[in-house]
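J.: Below is one structure. I have some questions about it.
The values are calculated or read from the model by the stated rules, or taken from the named source; none is laboratory data. This is a predicted model, so every value here is computed, not measured. FYI the Cβ positions are ideal-geometry reconstructions off the backbone, even for glycines, and counts take in every protein chain you see.
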Amino acid sequence: MVDSSSPLTTIGSGLWMAFYMFWEMLWALLLGFSISAAIQAVVSKGEVARLLPDHSPKSLLKACGLGAASSSCSYAATAIARSLFRKGADFTSSIAFEFASTNLVIELGIVLWVLIGWQFTVAEFIGGFVMIGILALLFRIFLRKRMVADARTQANRGLAGSMEGHAAMDMSLKSGGSLWKRVTSPKGYTAITHYFYMDFLSLWKDVALGLIISGFLAVLVPQTAWQALFYTGHGASSSIVGAFVGPIVSFLSFVCSVGNVPLAAVLWNGGISFGGVIAFIFADLLIIPILNIYRKYYGWKMMLFLFVTSYIAMAIAGLIVEGIFNALGLIPTAHPFVAMNAAISWNYTTVLDIIFIAVAGLFLLRFLKTGGPAMMKMMDMTEEEMMHGHDHQHEHPATPSASGAEFANDPVCGMKVDPKSAQHTATFEGKTYYFCCGGCKSKFESDPAAYMHKHETMEHSVHGAIEYSCPMHPEIVQNFPGRCPECGMMLLPKSLPIAM
């Protein structure tokens, strides 16, 4: 803590503390993003829903593994979980996937290790499985089928949350040899750079906010205040208070994902219990913006249910992990915080930061040359908008089931739909038409004749004039805008430069 009598001194100290923590964790964060991007480049999102049909232990373990191989952005994880649920995945397993995405990922563990110690990294991964297990048990006991049905109805309304485009995209390489061959191929390199910057640009606001809040808390809040809040020095009582207060601090912080690690370091330095730190890190999915997204996705009742059950699971998991580490003698006895004596020097941290900044620069060149900026514009689109392309100017006539075609065209947006698995259908003049979502079906039913006749006048005036292709998969070409069937990226006019 510094003398706060001078506002400029306080502001300068807080910002310097934030920058120092950023410098300490930068290489670890970039390394984590790189490893995570490489994993995402070979793990297909499209297979996840099929692998999570129920909430058996086997499905929950798959959800944990697949979540750990996904993006660490809390908003993206929440959007992906709803997407899986809408595609038929079990609700409990979808939520398990979401929690694993933010608590079992590589970058989180590396940054934890660098800022406060390896014990917290190990505890975070062990505790993540414990928390998901407790959450699944609470769901099994208290979650009713009617609640899940209501949540699915709400989810299928498709209300926008955040990072919807992240959920809809899948740039993974599903074929092309071994994992190593796919990762090191030109397409693999492109996919890695896209996932790298997708995660980086998704998280930078949370990381920056977390660093700034942490810097000023470290400067302004006296040690005695932290110790009073966490009831420090009272044995088991301190552990219980820490585990239940930690998530509340997270709830009030508005910081999620890797961004809450610097704040966890400040709390640890302030005297919170070991389990309290773990519970705090888990609670990035309980911040107010995420709860509001739950309300949009699943309704008020399910939002409250998720809040209560998640809070209980996080606190209990924190206590269990602390008990295990205490029994093994692995809990650090001191509460050091490297940023309290902040001074950047020429050491291994600086060298590694420079190396990984250079790597990020090489990734940036590839990202810019392969449609990266266009891809990032899609991040906040809804899944329906992703399916339909930039707009709804280009409609295509449906291919009725009677034609014998393997796929039908959505008459509103032109999307290819499998008649065997289509959830939205309508009948007009004795023919059945298939739709990609409820929104397209509603538009069609409001004036079906208009969509049929409109096609005749637009087919020759619009279609065929421009060809659209995917930056990631240039072999995908069509004469109307839309989404790449391989990766979900928006198709771009072929006149735009596409480099591989």
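J.: Inspect the stretch 303-314 for any residue being surrounded by fewer than 24 Cβ atoms within 10 Å (Cβ to Cβ) and not in a helix (DSSP H, G or I) and give the result as yes or no.
T.: The answer is no; no qualifying residue exists.
J.: Condition first: buried (at least 24 other Cβ atoms within 10 Å of the Cβ) and out of contact with any Leu (no Cβ under 8 Å at 6 or more places or on another chain). Can you find one or more residues in the stretch 285-297 that meet it?
T.: Within the stretch 285-297, one or more residues are buried (at least 24 other Cβ atoms within 10 Å of the Cβ) and out of contact with any Leu (no Cβ under 8 Å at 6 or more places or on another chain).
J.: Continuing with the same structure: Show the residue pairs meeting these rules: Cβ distance below 6 Å; 6+ apart or different chains; first residue within the stretch 1-30 and not assigned by TED's automatic domain parsing to the domain that holds Leu115; second residue modelled with pLDDT under 80 and surrounded by 15 or more Cβ atoms within 10 Å (Cβ to Cβ).
T.: none
J.: Does the stretch 65-80 include one or more residues that are surrounded by fewer than 20 Cβ atoms within 10 Å (Cβ to Cβ) and part of a helix (DSSP H, G or I)?
T.: Among the residues of the stretch 65-80, at least one is surrounded by fewer than 20 Cβ atoms within 10 Å (Cβ to Cβ) and part of a helix (DSSP H, G or I), which makes the answer yes.
J.: Oh, and also: Residue pairs, Cβ under 8 Å, 6 or more apart or interchain, first in the stretch 105-119 and over 15 Å from Asp353 (Cβ atoms) and assigned by TED's automatic domain parsing to the domain that holds Gln40, second modelled with pLDDT of 85 or more and not in a helix (DSSP H, G or I). List them.
T.: From the stretch 105-119, the pairs are Gly117/Pro332; Gln119/Leu330; Gln119/Ile331; Gln119/Pro332.
J.: Something else: How do the helices (runs of 4 or more DSSP H) wholly within the stretch 215-287 filter down when requiring 2 or more residues that are under 30 Å from the mean Cα position of the chain (by Cα) and over 18 Å from Glu322 (Cβ atoms): which remain?
T.: Counting at least 2 such residues, we get 236-253, 261-270.
J.: If you don't mind, there's one more thing I want to ask. Of everything in the stretch 26-43, what is crowded, with 20+ Cβ neighbours inside 10 Å, hydrophobic (A, V, I, L, M, F, W, C), assigned to a helix (DSSP H, G or I) and at pLDDT below 85? Give them in sequence order.
T.: none
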